[in-house]
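Please read the structure below before turning to the comments.
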Amino acid sequence: MSSKDRIVGSTIDIKALYYMELNRLFLFFIFILTGLLYLLFNYKRPKNFPKGPWHLPFYGTTPIISRHDPNALVDLSRLSRTYGNVFSISKGNRFIIVVCDFPDMKKFLVNNGLAFCGRPKYFETDDEKQKILTRGLSHSNYSEEWRRQKKSCSYFCALLERMNSTLESDIQTEITDLYKTLAIKKDSTVPIRKLFMKTSTNLLLKTLYNERFPLTDTSGEQIYYMLYDLFEKISEVDSIKYNPLLYYHPNYKGKWKEYERCLKLLRHFLEQRNIEHKTTVSDFAYKQKPKDFVQTYFQDLFFPIFNTPRSFKPNEDWLDDIVEDLIISGVEPISSALSWCIYYMIDNPSVQLKVQEELDSIIPEEKLPSLKDRHKLPFTEASVLESLRLGCIYPIAIPHATLSRVTIDGRSIKRGTEVWLNLFATSRDPKLWEEPEEFVPERFLNDVRRVTIPEYWVPFGIGERSCAWQQTSLVQIFLIFASIMKKFSFHTINASPLSSCHPIQGGLTRKPADFQISVSARDHIFKDIE
C-alpha cells in the first residue's frame with residue numbers, strides 16, 4: 001500500500017470516529033436532558049401539599065442535612081417562620097411534612113392518630129436493608145401484630161414489676177456502683193456521659209436478663225463500647241436511607257458496613273442470652289417467680305400460666321427485635337437525659353444548690369432517695385423536667401408515615417407520606433413557654449409547689465407511637481439524678497459556663513458532646529457505700 005493510500009484511509013477513519021463520538025455525545029445529551037425533564041416534572045410537590053423551600057432532584061432541600069444533625073434544627077425553625085408551622089421539605093426522592101407547633105401535632109397525631117401511626121419505608125428494592133431499619137416496636141410499621149406485641153410488652157413489664165418488685169432496688173444497686181466510681185474520681189475530672197451510658201446499659205440488662213456488669217469490671221467493656229459505636233454510627237447512615245445510590249459511594253458504603261457490623265454484634269450478644277433463657281424455661285421454672293423480662297416472655301409463651309383474659313400473646317419471632325429495640329431506645333436516651341441534668345446544674349449553680357438543699361431537708365444522710373420520696377421533692381423533679389425540656393433529647397421524633405390518604409386543614413396527604421414532629425421547636429415555643437431559652441424549673445410548679453406537667457411537654461413524642469417506656473425512664477432518671485445530687489457537687493473545669501463553649505452532638509439523641517467535669521464530694525461521709 002502506498003503512503004498516499006494510508007493517509008487517505010487514516011483521514012476517513014478519523015472522520016468516521018469523529019462522527020461516531022459526536023453521535024454518542026448527542027445521545028448522552030438527549031439522555032441527560034430527558035432525565036432532567038423527568039425529574040423536573042416528577043419531583044414536584046403534590047397538589048394541596050404543604051408548601052416549602054426549593055429543592056434539587058436526588059439531593060432534596062439544600063439546607064436540611066439530617067434529622068440527627070443539631071444544626072439542622074436551626075434551619076427547620078427558620079423555615080417555619082417563612083412557610084408556617086406545617087411545611088414540607090424533600091430528602092432524596094421523597095417529600096416530608098414537618099410539623100413545628102403543638103396544636104398542629106395534636107391535629108395530626110391525636111385527632112387523626114391512627115392515620116399517622118405508620119413508619120416510613122426505605123430501600124424499596126432492598127428487603128435486607130429495609131428490615132435493618134424497620135424492626136422492633138419503635139421502627140416497625142403499624143399492624144395488628146405490632147399492636148398486640150406492644151400490649152404484650154407493657155403487660156409483661158407491669159406483671160414483672162408486680163410479681164418481683166425490684167425496679168427500685170436495681171436502680172439503687174446502680175446508684176451505689178456509680179457512687180463508688182465517682183468517689184474514686186472525686187476532686188478530679190470525670191467523663192460523665194460515658195459513666196451514665198454504662199449505668200443505663202446495666203439497668204436495661206438487669207431488666208431484660210437479670211444481668212449486670214459492675215462499672216469497675218472490664219467484663220462489660222465490650223457491650224459498652226459496642227453500644228457507644230452503634231449510637232455514633234446511626235446519624236452517619238441517615239442520608240443513605242433517603243438516597244440509596246449513596247450506598248455505592250465508597251465513603252457512605254464504608255459507614256453502612258460499620259453500622260451493620262455494630263448491629264450484628266449487638267444482635268449476637270442478645271440472641272445468645274435469649275437462647276440461654278429459652279433453655280432454662282421448664283415446668284419447674286414455671287412455678288417460680290420470673291426474674292426478668294425475657295424469662296417472663298418465654299414462660300408465658302410455652303406455659304401460659306397467666307390466665308388473665310387478654311387479646312394478645314407473645315410471639316417468639318418478635319423477641320429478638322423487641323429486646324434489641326429496648327436496648328437501643330433505652331440506653332442512650334437515659335444517659336443523654338442524665339447528661340443534660342448535670343449540664344444544666346453546672347450551668348446554673350444556684351439551681352444546683354436549691355436541689356441539694358431540698359434533698360438535705362427531706363432525705364436523711366444515710367439513705368438514698370426512693371420513689372416514696374418523689375412527691376416530697378418537687379423542685380428536684382421540676383429540675384429534671386426542665387432539663388428534658390431544654391435538652392430535648394428527641395428534637396425530631398422518630399418519623400411517622402400515613403397509613404391512608406388524609407386531609408387536614410385543606411392539605412391533602414397521600415398514603416405513605418413521611419411526617420416529622422419538630423419537638424425542638426415545641427420545647428422553645430414562646431407561645432407555650434415564658435422565656436423559653438432560660439432554665440427555670442419553677443415553671444413546672446404550681447402555687448402550692450406541686451409538680452404540674454402541661455400537655456405540651458412532649459420530650460418523648462406524642463400519640464400512640466410515643467415512647468412506650470416513658471414512665472419507667474422518668475423513674476430511673478429521677479432516682480439517679482436525685483441520688484448523685486445528694487452526695488456530689490458538679491463544676492466546670494474552667495470558669496466558663498458549658499453553654500458558652502460546649503458543642504451539641506447529634507446521633508440517636510441530642511446530647512452534649514463528651515465533656516469532662518470536676519466532681520467533688522459534699523460534706524457527707526460515704527459510710528453507706530464503702
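Computed from the coordinates by the stated procedures, all read-outs in this text should not be read as laboratory data. Source: prediction; values computed, not measured. Here Cβ is always computed from backbone atoms with ideal geometry, including for glycine, and neighbour counts include all displayed protein chains.
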- Would you mind checking which residues have amide H under 5 Å from S404's amide H? H placed 1.01 Å from N; only 5 or more apart, or other chain. G416
- Footprinting exposure proxy for E324, E174, E271, E357 (fewest neighbouring C-beta atoms within 10 Å first): E357, E271, E324, E174
- Note on the structure: FRET efficiency for E366 and D217 from the Cβ-Cβ distance with R0 = 35 Å, rounded to 0.05, comes out at 0.85
- Among F231, F108, which comes first, then next, by fewest other beta-carbon atoms within 10 Å? F231, F108
- Note on the structure: Note: T176 to T407 extended length (0.36 nm per residue) minus current alpha-carbon separation gives 77.8 nm
- Item | Rough spin-label spacing in nm, given labels placed 7 Å along Cα→Cβ, for E144 and H491 | 6.4
- Label model pair E434, K414: point-to-point distance (7 angstrom along the Cα→beta-carbon line) in nm is 4.8
- Give the long-range amide H neighbours of S412: residues separated by 5 or more places, or on another chain, with amide H under 5 Å away, using H modelled in the peptide plane at 1.01 Å from N. F49
- Message: In whole Å, what are the extents of the range 327-391 along the principal axes defined by its C-alpha atoms, from largest to smallest?
- Response: 36, 27, 19
- Using label points projected 7 Å from each Cα along Cα→Cβ, tell me how many nm separate F302 and V448, to one decimal. 5.3
- Calc'd 3J(HN,Hα), the range 404-416, phi into Karplus 6.51 cos²θ - 1.76 cosθ + 1.60 (θ = phi - 60°), Hz, glycine/Pro = x, comes to 7, 5, 9, 10, 10, 6, x, 8, 8, 10, 7, 4, x
- Message: Relative contact order for the range 78-127: what percent, with Cα pairs under 8 Å and sequence separation of 6 or more?
- Response: 22
- Cleavage-rule hits, trypsin sites (Lys or Arg not before Pro), the range 427-464, DSSP coil, Cβ neighbours within 10 Å at most 12: K431, R449, R450
